[in-house]
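A.B. asks: This is the structure, below, for whatever I ask next.
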Amino acid sequence: MSREASRTVVEPAYRDTSDGALLDAAARHETAAFAEIVRRYQQPVYRVVWRMMGGHADSEDVAQEAFLKLWQNPKQVRDPGALKGWLMRVASNAVIDRSRKPKHGNLDTAPEIADDGARPDAPLDQGQAATLVNQAIASLPERQRLALSLVYFEGMSNIETASVMDISIEAVESLLARARRTLRDSLAAEWRDLLGGLIK
């Protein structure tokens, strides 16, 4: 085994390394450092993309676009402390770009066949409730959907969300208020049981 290969094997893991140090290492093309960035942020980025795309099958591909852009030039993240926000912004912009492209017919847009066995007055189980909520969120305008996803599902503050979306905190609050109002109206009688603390 070469000296270089031996050093690679015995290098300590990057688990406790700061985002700034990871970005510096990734800029030197250290794949283990980049892999740690992906490990840290892949799931939250994917969840936001998935919610913005209404659970579309391409969600994983779109989320990966953000990491690919980072791999190509880690130095474009000027503030290492804002790495997560940077990834969220790039991923959400990719979603918006895709939504503006002409759409082609696919299975995701095919109409669903109603289940005749389900009674409309039957109580909702947890899976049905989650499906209803996800469908209602998917029908929100893009910016409302993004603000809601970042604040309520990813636990980001209004300040962090404003930074990701490049808007004011007041604009974030307005988007959240409109999203809550729309969800409350669209889910009608079920909203209190379905959404708990999300809707006030």
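A.B. asks: Before I look further, what does the range 134-179 give for accessible area per residue, probe 1.4 Å, in whole square angstrom?
C.D. replies: 43 Å²
A.B. asks: If you line up the Cα atoms of the range 22-87 on their principal axes, what length do they span on each, largest first, in Å?
C.D. replies: 36, 20, 17
A.B. asks: Can I ask one more? How much of the accessible area of the range 127-172, in percent, comes from carbon and sulfur atoms when a 1.4 Å probe is used?
C.D. replies: 54 percent
A.B. asks: Right, here's the next one. Give me the one-decimal nm value for the distance between modelled label points at A82 and D24, 7 Å along each residue's Cα-to-Cβ direction.
C.D. replies: Using points 7 Å along Cα→Cβ, the separation is 2.1 nm.
A.B. asks: I would also like to ask the following. What is the calculated FRET efficiency for D58 to N93, with r their C-beta to C-beta distance and R₀ = 25 Å, to the nearest 0.05?
C.D. replies: 0.95
A.B. asks: At 7 Å along the Cα-to-beta-carbon direction for both I169 and A138, put a label point, then send me their distance in nm to one decimal.
C.D. replies: 3.5 nm
The values are calculated or read from the model by the stated rules, or taken from the named source; none is laboratory data. Keep in mind the model is a prediction, meaning the values are calculated, not measured. Note that we place each Cβ from the backbone using ideal geometry, even for glycine, and neighbour counts take in every protein chain shown. The accessibility values were calculated without ligands, DNA or RNA, using every heavy atom of the protein model including side chains. Shrake-Rupley method; radii C 1.70, N 1.55, O 1.52, S 1.80 Å.
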